[in-house]
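Taking it in order: structure first as structure tokens, then the write-up.
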Amino acid sequence: MVVCANCGSPTIVKTSWTPANPGRKFFCCITRCRGCGFVDWAEGPSCERAIEVFRHFGALAYQVKDHEEEALRMTSEIRQLQEQALGMAVKYTRLKMILMFSWVFFISYVAFH
Ligand SMILES: [Zn+2]
């Protein structure tokens with residue numbers, strides 16, 4: 001186990017996900033919360049392929065985010081269209097009633113005059 005060079009506390013192994021060091025393991029002092037900022041690489045630099053793959057996944061993550069935003073916009077649009085459809089259904093029912101009453105009135109008028 002690697003101990004902290006600053007305070008002698010144990011370290012834990014973490015994984016970097018920065019663009020420059022994707023997937024690279026490093027030691028981190030467990031007392032970091034109490035102010036010790038010791039970190040040291042546990043392995044050599046990330047290979048070019050790892051950095052390239054990381055960039056690719058970063059770009060994909062942005063695309064996913066764009067699609068999620070588009071899905072939210074579309075969901076909102078669907079909600080608005082559903083409200084419009086409901087309003088139109090109410091108007092249609094009202095017009096049907098008016099038409100029905102006008103026919104009843106017309107037939108009554110023709111029959112009794
Ligand atoms: Zn420390």
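Each value in this text was obtained by applying a stated rule to the coordinates, not by laboratory testing. These figures come from a predicted structure and were not determined experimentally. Cβ atoms come from the backbone with ideal geometry, glycine included; neighbour counts cover every protein chain shown.
What percentage of all Cα-Cα pairs in the range 38-91 are separated by more than 18 Å?
Details: 924 of 1431 pairs.
Pairs farther apart than 18 Å: 65 percent.
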What angle do you read, to the nearest 10 degrees and between 0 and 90, between the alpha-carbon axis of helix 48-112 and the longest principal axis of the chain?
10 degrees
Set Lys and Arg Cβ to +1 and Asp and Glu Cβ to -1, take the dipole of the chain about its Cα centre, and tell me which of Ala42, Met74, Phe27 lies farthest positive.
Met74
So if I take the alpha carbon set of the chain, get Rg, then get Rh from the Kirkwood formula, what is the Rg over Rh ratio?
1.65
Straight-line reach only, C-alpha to C-alpha below 20 angstrom: list the aspartates and glutamates that Lys91 could link to, leaving out same-chain residues fewer than 8 apart.
Glu83
Please compute the modelled spin-label separation between Ala85 and His67, points set 7 Å along Cα→Cβ, answer in nm with one decimal.
2.5 nm
Rank Ile12, Ile78, Ile98 by mean-square fluctuation in a GNM of the chain with C-alpha springs under 10 angstrom and give only the top-ranked residue.
Ile98
